[in-house]
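Structure first, then comments.
The values are calculated or read from the model by the stated rules, or taken from the named source; none is laboratory data. A quick note: this is a predicted structure, and the numbers were derived from the prediction, not measured. Using ideal geometry, Cβ is built from the backbone for each residue, glycine included, and neighbour counts are taken over all protein chains shown. Just the protein is used for accessible areas: all its heavy atoms, side chains included, with ligands, DNA and RNA removed. Shrake-Rupley method; radii C 1.70, N 1.55, O 1.52, S 1.80 Å.
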There are 2 protein chains.
Amino acid sequence: MKIGELAARTGVTPRLLRYYEQVGILHPFRSSNGYRTYGEPAVERVLQIRELLEAGFTTEMIREVLPCLADSDHRALGDCPVVADLDGLRHQLGSIERRIDTLQRNRQAIKAYLRAWEDAGA
Amino acid sequence: MKIGELAARTGVTPRLLRYYEQVGILHPFRSSNGYRTYGEPAVERVLQIRELLEAGFTTEMIREVLPCLADSDHRALGDCPVVADLDGLRHQLGSIERRIDTLQRNRQAIKAYLRAWEDAGA
DNA sequence: GTAAACATTCTCATTAATGTCAGGGTCAAG
DNA sequence: CTTGACCCTGACATTAATGAGAATGTTTAC
C-alpha cells in the first residue's frame, strides 16, 4: 500500500511516516516511480511505534528494541538480523524497569490522594 | 539556600532550576537582592521532578500532579491549595496506567527475547 | 576596595517530534 | 490532454527540555 493508505489506517500523518523512515524505524520499499510501498505488517508496526512513543520512548530507543519486538508472534530467533546488540537491549530493559517503578510509585500516590478527597467529599 | 547550593545538592544545573521556576513547578522565594531562596524541602522536590521527567512526564503533567505528591508524608489534605483539579488528576492517572501497561508488555517481550538468546547461546 | 565567586536577566543554540508549505512528478478519470 | 488527487523532496516553523554566553549586579574574603 502507499503512504496515504497507511496513514489513513493508522491515524498517523504521512509526514510522520516519512520521518519514521528517516530515523530508521520503518523501512518501506520503493516502487519504480519513487513511491513508498508498505506491506500489511507495517500497520501493526506503526501502531506499536506510536504506542512506544506515547509511553515516552525516543525513536532511538525504539530503533534498538523494535527489531526484537516486531512480529513477535510468528518469528523464530533465526529470523533476527544478526542479533541486535544484546547489551544495549539489557540496558533498555533496565531503563524500562526503572520507569515502571517510578510510574507505579506515583500512580499509588495519586490514587491515595484521590481516594482521600473522595472520602472527604462524601 | 541559594540556587548554587540547591544545584550542587541535586545535581541539576542552575539553568534548569530557573527553568523549572519559569514553567511553574518550583517556587523559590526572592530575597531583597533578587536572589532565589530555596527551603530544605526544595531538594526532595527537585529530585522528584527529575525522576518524573526521566519517566517521561512533561513539565505540564508535573505541574498538575506534583501539588498532590509533594511532601506527601507530613501533610493533611487541608494543607492542599484549594484542590488541584481532580478531574485532571484522574485523567493523568489514566494516562499513567496506560503507560505502565505499555511498558510492562514491552518489558515482557524484551525479557522473553533476551532469554531466548541466552538459552540459545548457552 | 578590589578580585573572585556567585547571582540576575536576556538571548541564542540544539535535539526530538511534529506541522506546514512550496515546487514538482505520477496517475487515473473524464 | 487536462484536471485533481496523491506522491516526492526540501526548507522552514514550533514546542519542550536543555546548554551556553553576554552584560551586569552582589557578596565574600583578602
- Subset tally (residues that are in a helix (DSSP H, G or I), away from every other protein chain (no Cβ under 14 Å) and open to solvent by 30 Å² or more (accessible area, probe 1.4 Å)) for segment B:16-59: 6
- Query: Is there any pair linking a residue in segment A:84-112 that is more than 7 Å from chain B (Cβ to nearest Cβ) to one that is open to solvent by 60 Å² or more (accessible area, probe 1.4 Å) and polar (S, T, N, Q), with Cβ under 9 Å and at least six apart or on different chains, and which?
  - Reply: A:112/B:72
- Query: How about segment B:20-37: which of its residues are of a type outside the set (S, T, N, Q) and either within 14 Å of the chain's Cα centre (by Cα) or near DNA strand C (Cβ under 8 Å from one of its atoms) (or both)?
  - Reply: B:20, B:21, B:23, B:24, B:25, B:26, B:28, B:30, B:34, B:35, B:36
- Note on the structure: Pairs returned, first residue in segment A:50-64 that is outside the structural domain of residue A:24 (by TED's automatic domain parsing), second residue that is within 7 Å of DNA strand C (Cβ to nearest atom), beta-carbon separation under 6 angstrom, 6 or more apart or interchain, are none
- Message: If residue B:5 satisfies all but one of (1) more than 14 Å from every other protein chain (Cβ to nearest Cβ); (2) touching a helix residue (DSSP H, G or I) at 6+ places or on another chain (Cβ under 7 Å); (3) open to solvent by 60 Å² or more (accessible area, probe 1.4 Å); (4) not β-branched (Val, Ile, Thr), what's the number of the condition it fails?
- Response: (2)
